[in-house]
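Colleague: Just dropping this structure here.
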Amino acid sequence: MSLVFILKDLNESVPKEVTRLEHMGQAPNTLLPVMTRIAEDMMRIERAVFSSQGRRGGGSWKPLKPDTIKRKGGSTQILVKTGELRASLTEPGATYQVLQVSDNRVLLGTDDPVAAHHHFGAPGAGVPARPLIKLLPGDEIRWNKMIAEHLVRAHRV
């Protein structure tokens, strides 16, 4: 007498599993949606940097000198004269914005001619450094989690 095992595909589980595995295989090649969310999060961070006048991550931008406030017509907003510098780091499609998002990287920056002058400072001109981009260790951890969740979601299909 033979011993025979019969495997029956109950509820069409094999095609479902094939589909799930195909989605899992595609997930690393389709990171654009999660990278776009990371770019949006980076701009949210920059809005926080500007609205807190550099306090994100500790410390604040050095206050404006009285003569600078006078020259700005009384405005005490730091690093905001026309709004273009702030917009270039916080609003998609803004003038001077450098934004590149792909399946394997996000690049956010600005080509505003005054950016480096303010970010690094110009001691000879009396301009203190006021870092425009302030990323914290938790930011990278959050972005890594976003990528991991994207990959896990593909596993659950």
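Colleague: Would you confirm whether or not the stretch 57-67 contains a residue that is surrounded by 13 or more Cβ atoms within 10 Å (Cβ to Cβ), of a type in the set (A, V, I, L, M, F, W, C) and touching a Gly at 6+ places or on another chain (Cβ under 6 Å)?
Modeller: Within the stretch 57-67, one or more residues are surrounded by 13 or more Cβ atoms within 10 Å (Cβ to Cβ), of a type in the set (A, V, I, L, M, F, W, C) and touching a Gly at 6+ places or on another chain (Cβ under 6 Å).
Colleague: Among the numbered criteria (1) part of a helix (DSSP H, G or I); (2) closer than 27 Å to A94 by Cα, which single criterion is violated by P131?
Modeller: Only one criterion is unmet by P131, namely (1).
Colleague: Output the residue which, of all residues in the stretch 130-152 that are in contact (Cβ under 8 Å) with a residue 60 or more places away in the chain and over 18 Å from the mean Cα position of the chain (by Cα), is farthest from M42 (Cα to Cα).
Modeller: L151
Colleague: Of the residues G109, G93, which single one is more than 21 Å from L135 (Cβ to Cβ) and under 17 Å from the mean Cα position of the chain (by Cα)?
Modeller: Details: G109 fails: more than 21 Å from L135 (Cβ to Cβ).
Being more than 21 Å from L135 (Cβ to Cβ) and under 17 Å from the mean Cα position of the chain (by Cα) holds for just one of G109, G93, which is G93.
Colleague: Another question, then. If we only count helices (runs of 4 or more DSSP H) wholly inside the stretch 9-91, which ones have 2 or more residues that are at pLDDT 85 or above and more than 16 Å from L151 (Cα to Cα)? Don't jump to the end; show me each part of the working.
Modeller: Details: elements: 13-26, 32-51, 66-71, 84-90.
Because the criterion is at least 2 residues that are at pLDDT 85 or above and more than 16 Å from L151 (Cα to Cα), the helices (runs of 4 or more DSSP H) in the stretch 9-91 that meet it are 32-51, 66-71, 84-90.
Colleague: Now for a different question. When you look at R105, is it more than 21 Å from P63 (Cα to Cα) and out of contact with any strand residue (DSSP E or B) (no Cβ under 9 Å at 6 or more places or on another chain), yes or no? Show your work before the answer.
Modeller: Working: more than 21 Å from P63 (Cα to Cα): yes; out of contact with any strand residue (DSSP E or B) (no Cβ under 9 Å at 6 or more places or on another chain): yes.
Judged against the criteria, R105 is a match.
Colleague: Given the residues T82, T95, which is the only one that is over 23 Å from T36 (Cβ atoms) and polar (S, T, N, Q)? If you could, list the steps in order and put the result at the bottom.
Modeller: Working: T95 fails: over 23 Å from T36 (Cβ atoms).
Of T82, T95, the one residue that is over 23 Å from T36 (Cβ atoms) and polar (S, T, N, Q) is T82.
Colleague: Name the one entry in P113, P131, P123, P137 that is under 30 Å from P63 (Cβ atoms) and in contact with a Gly (Cβ under 8 Å, 6 or more places away or on another chain).
Modeller: Exactly one residue qualifies, and that residue is P131.
Colleague: Take D103 and decide whether it is more than 13 Å from the chain's Cα centre (by Cα), closer than 28 Å to L151 by Cβ and part of a loop (DSSP other than H, G, I, E, B).
Modeller: The answer is yes for D103.
Colleague: Right, next: Could you list, in sequence order, the residues of the stretch 105-151 that are among the β-branched types (V, I, T) and surrounded by 12 or more Cβ atoms within 10 Å (Cβ to Cβ)?
Modeller: V106, T110, V114, V127, I133, I147, listed by residue number.
The values are calculated or read from the model by the stated rules, or taken from the named source; none is laboratory data. Owing to the predicted nature of the structure, the values given are computational and were not obtained by experimental measurement. So basically every Cβ, Gly included, is an ideal-geometry build from the backbone, and we count neighbours across all protein chains shown.
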